[in-house]
Amino acid sequence: MSSRTQVYLLAFMFFALGLGLTLYKNQSLGFPLLPGQSEDIWTVEASVSFEATGDPITASLLLPQSGSNMTVLAESFSAPNYGFHIKEADGQRRAVWTRRSEQGPQTIYYKLDVVKSDEAASLAPPTKQIPNSITLTNRQEAAATQLLELVRGRSSDNVSFTIELVKELNAIKQDEKLNVSKEFKKASVTEIALILLNIEGIPSRMVRAVALEDGRRKQKSIELIEIYDNNQWSIINPLDGKNGTPENAFIWQRGGVSLLDIEGGEHSKVRFSTIETNQAARSVALDKNKVEQSALVDFSIYALPIESQSAFKRILLVPIGALVVVLLRILIGIKTSGTFMPILIALAFIDTTPAIGLAIFISIVSVGLWIRGYLSRMNLLLVARITAVVIIVIGLMGFMSVFSYKLGITEALSVTFFPMIILSWTIERMSILWEEEGPKEVMMQGGGSLFVALLAYFAMTNPFIEHLTFNFPETLLIMLAFTLVIGQYNGYRLTELYRFRDLAKNQ
C-alpha cells in the first residue's frame, strides 16, 4: 500500500469517526449544532398541605421518575423544621418528612425541573394480575357482565375494549353506574373502569399526570388509565377515550400505590403549580446526560473543573488557526515569518482586538528591529543576542503599558498577552532576513504573517466555530482529515500561478 493510499485511508477514517461522533452527540445526546438554541424547561412544584393533630408526623410523597415523555433534570425539597429522607422500594422513590409533634396547618414543598424527551422509556411488563378485591352482589355482577359483554362485542383488542368501556361509562348517568359497594358510590370513571378491566383480566393500572401549563397554580393531578397490550403499555384518557399521553402532560405516578400518605395529620391534599422557562440547549443536554450518566459526557471536557474548561475552550481554537495557516501557505502560497507564529498573534488579537494588537505588534517589532541592528555591531553570540532582545522586549512592554495608562489608553495594557519569546525570535529572524534578503522580503513575510493572523483571528472568533469546537471536540478529527489530504498536495500554489502567468500565455 502506497503512502498516498495510507494517507487517504486514514483521512477517511478520521473524517467518518469525527462526523459520526458529532452527529451522535447532536441526535442522541441533544447537543445543539448552532449557538443560541434553547429548550423549554418546566418547573413543577407539588405543595402538600394538611392539618397536624399534635401526634408524631410522617408525610410520604411518591416522587416521579424520568418517564416516557419527560426527563427529570433537578429536584429540591423544602420543609423547615422537618426531618427528611428518601425511601426507595420496589423501584419507586418516596420523599419522607418527619416531625415529633406539631399543631395546625402545615405545608411541604417539592420542586423539580423537567424537559421533554424524545426517547421512549422501556416500561416493565405487568406482574401477576391482582384479583378483584371488591365484593359484588348478584345484581351488580349481572350489570357488570352485561356491560362487559356489550363492550366486548364492539372491540377487537384490549385497547379498543378499554376505549369502548370508557365511552360507555361516560355515557351512563352517575346514578346508573355500577354501584358495586356502599363505599364505591362516589368512585370516578377511572376507578370503575379499572375494576371492570380487572374482572375482564386485562392488565391495567392508574396513572397520575400533571398538566404542564405556564403559570397554572394549585391544580389537581389528572387520572389516566394504562393497559398492557401487544407487549406494550398504552394510555387511555378516561374523559374522552383517546389513546396516548395527553399533550403537555407529565407522568407523575404509575400504579395503584398511594400518592400521599400522612400520619399525624388530617385533611391532606396535594396541589401542583407549573411554570415554563427557557434555558440554553447545551446546558439542558449536559444536565440530561448527567442524569442518564452518558459515558461520552462523563469522560469528556465537561467533567473537568470550570477553570480547566475555560482553558480548553481557548486551546481548542488553535487547530482552527492551524488549518487556516495550512490553507494559506500550501494552497495560496502566502509567506509568513515562522510557520505557526500567525496563530500566536491571532490568540493575542483575541484578547487585544485586532486594531490595538496590530499597533502594539508593529510598534514593538519596529523598535526591536532597530535595537537588534545596533546589537549586531557588537558581534554577540546568537543565544546572548536573543536573550538581550527578550529583555529589551519585556522592557518595551512595560514602558508601553505604563505610558499608555498615564495617557488614559487602557486598551494598550493588553500588550502582555503577546508572547514575548515569540516576538523576540521574530525580531531576530526578521533581522537576519533583512541582512540576507533585504527589506522587501521582510515586509512580505511580516505582512503575510499579519494577514494570516487576521484571517485566523476572524475564523477563531466566529461564534459558530467557537461553539462547534468546544461542544463537539470530535470535529478535531475532521480537521485532521482535511489537513492530511491537503498535505498531499504538491501542485502549484495560487501565487505561483500568478507568477508564471506570462509563461502560460506563451504556451
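Each reported figure results from applying straightforward, stated rules to the coordinates on display, with no laboratory input. Owing to the predicted nature of the structure, the values given are computational and were not obtained by experimental measurement. As a convention, Cβ positions derive from the backbone with ideal geometry for all residues, glycine included, and neighbour counts pool all protein chains shown.
Residue pairs exceeding 19 angstrom between C-alpha atoms, taken from K220/K269; K218/K269; K288/K313; K218/K288; K87/K111; K87/K288: K288/K313; K218/K288; K87/K288. Counting only alpha carbon atoms, the long axis of helix 341-352 and the longest principal axis of the chain meet at about 60°.
Tell me which of I262, V297, T162 sits at the most positive position along the dipole axis of the chain, charges placed on C-beta atoms (Lys, Arg +1; Asp, Glu -1). Towards the positive end, the residue furthest out is V297.
Taking the charge dipole of the chain about its Cα centre, with +1 at Lys and Arg Cβ atoms and -1 at Asp and Glu Cβ atoms, the residue from G104, I199, F15 reaching farthest to the positive side is F15. Taking only the C-alpha atoms of the range 329-469, Rg followed by Dmax gives 15.8, 52 Å.
In plain terms, the chain from R100 to T339 could stretch by 78.6 nm, reckoned as 0.36 nm per residue minus the Cα-Cα distance. Which net charge results when you count Lys and Arg as +1 and Asp and Glu as -1 among the other residues whose beta-carbon is under 11 Å from that of L239? The answer is 0.
You can think of it this way: the chain between A388 and F482 has 29.8 nm of extra reach, that is 0.36 nm per residue less the Cα-Cα gap. Residues whose amide H comes within less than 5 Å of that of I236, counting only those at least five positions distant or on another chain, are I225, E226, I227, G244 (H built at 1.01 Å from N in the peptide plane). Overall, the range 224-369 carries a charge dipole of about 980 debye about its Cα centre when +1 sits on the Cβ of Lys and Arg and -1 on the Cβ of Asp and Glu, all other atoms neutral. Across the range 223-230, rounded Karplus estimates of 3J(HN,Hα) from the backbone phi angles (6.51 cos²θ - 1.76 cosθ + 1.60, θ = phi - 60°) give 8, 10, 10, 10, 10, 10, 8, 6 Hz, Gly and Pro being marked x.
Count Lys and Arg as plus one, Asp and Glu as minus one, and take only other residues whose Cβ is under 11 Å from that of Q445; the net charge is then +1. Each pair of Cα atoms in the range 187-231 enters the Kirkwood radius, and Stokes-Einstein at 20 °C and 1.002 mPa s then converts it into a translational diffusion coefficient of 177 µm²/s.
Under Stokes-Einstein, with the Kirkwood radius over Cα pairs as Rh, the value for the chain at 10 °C and 1.306 mPa s is 53 µm²/s. Q65 sits among other residues whose Cβ lies under 10 Å from its own Cβ, and their net charge, with Lys and Arg +1 and Asp and Glu -1, is +2.
Length gain on complete extension for the stretch S283 to T495, per 0.36 nm per residue less the alpha carbon to alpha carbon distance?
71.7 nm
The convex hull around the C-alpha trace of the range 212-293, projected and averaged over every direction, spans 8.8 square nanometres.
Any idea what angle helix 3-27 forms with the longest principal axis of the chain, computed on alpha-carbon atoms, 0 to 90 degrees, nearest 10? Once rounded, one gets 40 degrees. Taking the range 37-57 and a reference point 7 angstrom along Cα→Cβ of D261, the backbone N atoms nearer than 20 Å belong to 47-57. In this structure, F77 and L17 have a Cβ-Cβ separation that, at R0 = 45 Å, corresponds to a calculated FRET efficiency of about 0.55. With each label modelled as a point 7 angstrom along the Cα→C-beta vector, the E141-S155 pair spans 2.1 nm.
Relative to the Cα centre, the charge distribution of the chain, modelled as +1 at Lys and Arg Cβ and -1 at Asp and Glu Cβ, gives a dipole magnitude of about 1260 debye.
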